[in-house]
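Chemist: Encoded as structure tokens, here's the structure I'll be asking about.
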Amino acid sequence: MADRRSNPLTELRRGVLEFCVLAIVLREETYAFDLIRRLSDAGGLMTSEGTIYPLLSRLRRDGMVTTTWRESAAGPPRRYYRITAAGSSALAAFTADWTGFRDAVDALLDTAERSGGS
């Protein structure tokens, strides 16, 4: 079965990336390059820059974030992303689900580890 699917960590990243982005923009307005840097710094959550721009477009289209353009002293104007009420609600729901999911997986992995992995 493992040879028929991609790397499990890649699948996990793909599944949680949008919520990680929402968590970042919950704290402050952020532009795409800064999002990429912060996701990369957070233990390699970012695998390629090419994934963030379509994700941001989808979040904007789905009403999870809004955007504003701002001039930049270091180059062209930047598009900044801010979470919306819908994005905050989606993030809160995911956080509640994630906590239970993480705890269940941790419990099973701890049990497997204590039993010697058999």
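Chemist: Just for segment 1-49: of the residues that are over 20 Å from ASP62 (Cα atoms) and of a type in the set (Val, Ile, Thr), which one is modelled with the lowest pLDDT?
Modeler: Ranking the candidates gives THR47 first.
Chemist: Another question about this same structure. I'd like to check something: does segment 69-87 contain any residue that is surrounded by 10 or more Cβ atoms within 10 Å (Cβ to Cβ), of a type in the set (Lys, Arg) and touching a Pro at 6+ places or on another chain (Cβ under 7 Å)?
Modeler: yes
Chemist: For ARG60, state whether it is of a type outside the set (Gly, Ala, Ser) and surrounded by fewer than 12 Cβ atoms within 10 Å (Cβ to Cβ). I'd like the intermediate steps shown before the answer.
Modeler: Details: of a type outside the set (Gly, Ala, Ser): yes; surrounded by fewer than 12 Cβ atoms within 10 Å (Cβ to Cβ): no.
No.
The values are calculated or read from the model by the stated rules, or taken from the named source; none is laboratory data. Since we're looking at a predicted model, the values are computed, not measured. Here the Cβ is made from the backbone with ideal geometry for all residues, glycine too, and neighbour counts use every protein chain on show.
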